[in-house]
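The values are calculated or read from the model by the stated rules, or taken from the named source; none is laboratory data. Just so it is clear, the structure is predicted and the values come from calculations on it, not from any experiment. As a convention, Cβ positions derive from the backbone with ideal geometry for all residues, glycine included, and neighbour counts pool all protein chains shown. The protein model used for the area step is the full one, side chains on, heavy atoms only, and it has no ligands, DNA or RNA in it. Shrake-Rupley method; radii C 1.70, N 1.55, O 1.52, S 1.80 Å.
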Amino acid sequence: MLEVHTASYRSVRGYTVAAAVCDEVAFWHSDDSANPDVEILSALRPAMATLPGSVLLCISTPYARRGALWTAYDRHHGRDSDVLVWQADTRAMNPTVPEAFISRAYEQDPLAAAAEYGAQFRRDIESFVSPDALDAVVVPGRYELPPTDGTHYVGFTDPSGGSRDAFTLAVAHRQDETIVLDAVREIRPPFSPEAATKELANLLKRYRVSEVQGDRYAGEWPREQFAKHGVRYRVSSRTKSDLYRDLLPMVNSGAVELLDIPRLRVQLLGLERRTSRAGKDSIDHVRGAHDDVVNAVAGALVSVPQTRELDTSVLARMVEVNRQFRRPSFFDRPDMWPR
């Protein structure tokens, strides 16, 4: 019996499989798993264990140097191994494809054409963050932190119209030299944008956040909706790529503490760093994937002030000391103190 399945590690379980053909395995992705190709192949192998001579065949155009396809290539290609890795260009596999067609593709985008028609892994696309670096800054079992008195919180949102993308919000604060992620909300479509804005505004008020940052989505709409609930919406000067770029050294140096949210981990590991032919780097999610949660989280974390704000109670004590010594200064001007 022959069956066709979607690329899901759940749908292939429970079968006894004599042969499996995995098509375009380098492009599998999922919002449920950071490594869907690895998970699916791990689910297939036990299904083939009871049938001697069963065959697992993975065919794909190469893509970035990561995932199950790259691992198999790196470990077994050109080596004495029981795993056969075949690498051949389009013309070798299918001579009916016109050579002129392939030549035009190379003229338009050499890097993409080298992968699509030359069977070469792309060197202009790399993973944004390593799983080990990410796991080191996630606090296991921490899903949300309650607000505490005397703490200054920052909020960042990624608005949505309610039909396609999620509406997300993240709240963070500084604790000594560490930036801590306190709360994340993701409202998935379909939903009422007005109701979603109200829910997120209420969360901001819980953390005493009266101003939230976000992108330029839908012009004045987010500003107007948040204003109805007493929250000011300010457009961030950073692009998504800027947010991710600024977040990376914070993760790699262990300067952040993240919540244990699987969807956040999946979206962070799904980000790619791309280098254009002009040499400019950009960071974005893979085609068809989502980055709504990680966008809000990155925005909140990088927007937290880099230096701790002065405690006004400390300033008041300094004022009293200066008055005793009759030394007029900045501390005698409460109207100039940071708010």
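One line per residue, one yes/no per condition, for (1) open to solvent by less than 20 Å² (accessible area, probe 1.4 Å); (2) touching a strand residue (DSSP E or B) at 6+ places or on another chain (Cβ under 9 Å):
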{"site": "119", "(1), (2)": "yes, no"}
{"site": "141", "(1), (2)": "no, no"}
{"site": "145", "(1), (2)": "no, yes"}
{"site": "162", "(1), (2)": "yes, yes"}
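The test for being under 32 Å from the mean Cα position of the chain (by Cα), at pLDDT 90 or above, more than 24 Å from residue 116 (Cβ to Cβ) and open to solvent by less than 80 Å² (accessible area, probe 1.4 Å) does not hold for residue 69.
Within segment 165-197, the set of residues being open to solvent by 60 Å² or more (accessible area, probe 1.4 Å) and in contact with a His (Cβ under 6 Å, 6 or more places away or on another chain) is empty.
Which of the residues belonging to segment 10-35 are at pLDDT below 85, of a type outside the set (D, E, K, R) and within 18 Å of residue 267 (Cβ to Cβ)?
29, 30, 33, 34, 35
Looking across segment 11-37, just one residue is within 23 Å of the chain's Cα centre (by Cα), open to solvent by 40 Å² or more (accessible area, probe 1.4 Å) and either over 24 Å from residue 292 (Cα atoms) or hydroxyl-bearing (Ser, Thr, Tyr) (or both), and that is 24. Of everything listed in (1) under 30 Å from residue 194 (Cβ atoms); (2) at pLDDT below 90; (3) in a strand (DSSP E or B), the single unmet condition for residue 234 is (2). A search for C-beta distances below 8 Å between a residue of segment 244-257 that is without any contact (Cβ under 8 Å) to a residue 40 or more places away in the chain and any residue that is surrounded by fewer than 18 Cβ atoms within 10 Å (Cβ to Cβ), counting only pairs 6+ apart in sequence or on different chains, returns 245/281; 249/255. Out of 268, 243, 247, one residue alone is within 10 Å of the chain's Cα centre (by Cα), of a type in the set (A, V, I, L, M) and not in a loop (DSSP other than H, G, I, E, B). It is 268.
Close Cβ contacts (under 9 Å, 6 or more residues apart or on different chains) running from residues in segment 125-139 that are closer than 11 Å to residue 265 by Cα and open to solvent by 20 Å² or more (accessible area, probe 1.4 Å) to residues that are modelled with pLDDT of 85 or more and assigned to a loop (DSSP other than H, G, I, E, B) comprise 138/259; 138/260; 138/261.
Listed by first and then second residue, the pairs with beta-carbon distance under 9 Å, at least 6 apart or on different chains, first residue in segment 76-88 and of a type in the set (Lys, Arg), second assigned to a loop (DSSP other than H, G, I, E, B), are 79/85. Out of curiosity, is residue 222 in contact with a Pro (Cβ under 6 Å, 6 or more places away or on another chain), open to solvent by less than 30 Å² (accessible area, probe 1.4 Å) and of a type outside the set (Phe, Trp, Tyr)? Considered against the rule, which asks whether it is in contact with a Pro (Cβ under 6 Å, 6 or more places away or on another chain), open to solvent by less than 30 Å² (accessible area, probe 1.4 Å) and of a type outside the set (Phe, Trp, Tyr), residue 222 comes out as yes.
In segment 251-260, the count of residues that are at pLDDT 90 or above, touching a Phe, Trp or Tyr at 6+ places or on another chain (Cβ under 9 Å), among the acidic types (Asp, Glu) and within 30 Å of residue 189 (Cα to Cα) is one or more. One residue is enough: does segment 52-68 have a residue meeting the conditions touching a Phe, Trp or Tyr at 6+ places or on another chain (Cβ under 6 Å), hydrophobic (A, V, I, L, M, F, W, C) and closer than 28 Å to residue 289 by Cβ? No, because not a single residue in segment 52-68 is touching a Phe, Trp or Tyr at 6+ places or on another chain (Cβ under 6 Å), hydrophobic (A, V, I, L, M, F, W, C) and closer than 28 Å to residue 289 by Cβ.
Please verify whether segment 45-52 includes one or more residues that are open to solvent by 40 Å² or more (accessible area, probe 1.4 Å) and within 33 Å of the chain's Cα centre (by Cα).
Among the residues of segment 45-52, at least one is open to solvent by 40 Å² or more (accessible area, probe 1.4 Å) and within 33 Å of the chain's Cα centre (by Cα), which makes the answer yes.
Taking first residues from segment 176-194 that are more than 27 Å from residue 250 (Cα to Cα) and partners that are outside any loop (DSSP other than H, G, I, E, B) and open to solvent by less than 30 Å² (accessible area, probe 1.4 Å), no Cβ contact under 6 Å between residues at least 6 apart in sequence or on separate chains turns up.
Taken over segment 1-47, the residue count meeting the criterion of being assigned to a loop (DSSP other than H, G, I, E, B) and of a type in the set (Gly, Ala, Ser) is 8.
Considering only residues that are among the hydrophobic types (A, V, I, L, M, F, W, C) and under 13 Å from the mean Cα position of the chain (by Cα), look in segment 250-265 and name the one that is most open to solvent (accessible area, probe 1.4 Å).
The residue in question is 261.
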